[in-house]
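The values are calculated or read from the model by the stated rules, or taken from the named source; none is laboratory data. Quick caveat: nothing in here was measured; it's all calculated off a predicted structure. Positions of Cβ are generated from backbone atoms using ideal geometry, with glycine treated the same way; all protein chains shown enter the neighbour counts.
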Amino acid sequence: MRAKRRLRVMTLLSLSVLVLGLLPLVFGIRAATKDPVFTSLDALQVPEWADRNVDDQSAGSRWCFLDCRFRERTAQSERPFEDTNQVYSAALRSAGWKVRGGQCTDQPTTAGKYTCWTRDEFTLDLWVRLPECAVDAVAAKDPATVPSTGPDGVVPTADPKKCVGSTVSIKVQNAVTDVRGKPEPAVDPSLIGETPDPVLTNDPLLEPTPSAS
């Protein structure tokens, strides 16, 4: 009986140590691999119809080692960009994001709504635009543009009845790397040299050598 009790106690202690040591390790690995910015975007209170086919892309270091991380999320919405922009803007405000003033982008955004936001040490660009099928249809009518082609080289022709919804693009970067709207850094006058004035002398070495007769 004593041997059985001792075995049970040892088993329970081993399981307790395993669980208590394994859980922090699992959560630590999860926190190190999961980008907190994408986690916050997952927590945005947007309806399911505005958050379809989510695709996340990132480049750079989370800790700004050599290059700060740039994050981009693309999602598809089942409703027009006006309705989609409203729900995303409301969700960003509820999450603590604030609209930035000034110009957000140098690219023309005639089809859609482009806004830029800021929170803590991050800046966010929100572009809600026409769906990709509508963009291809517009490009096909414009001879000055090159429409996207399918794998067989044929330009896709979207059915207007089936081409509905909108596309959402969210780009997040660190504020220290976002130079838009920031004044140009002042140049230290001590680092600017002066061009010396030309010196005119009667030095014969500066005159051309006469040619031999």
Kindly indicate whether Thr84 is surrounded by fewer than 13 Cβ atoms within 10 Å (Cβ to Cβ) and either closer than 30 Å to Ala111 by Cα or at pLDDT below 80 (or both).
-> no
If a residue has to be assigned to a loop (DSSP other than H, G, I, E, B), touching a residue at least 12 places away in the same chain (Cβ under 8 Å) and in contact with a Lys or Arg (Cβ under 6 Å, 6 or more places away or on another chain) to count, how many in segment 41-79 make the cut?
-> 2
For segment 52-80, what are the residues that are out of contact with any strand residue (DSSP E or B) (no Cβ under 8 Å at 6 or more places or on another chain) and modelled with pLDDT of 90 or more?
-> none
Hey, does segment 13-33 have a residue that's loosely packed, with under 10 Cβ neighbours inside 10 Å and either at pLDDT 95 or above or part of a loop (DSSP other than H, G, I, E, B) (or both)?
-> no
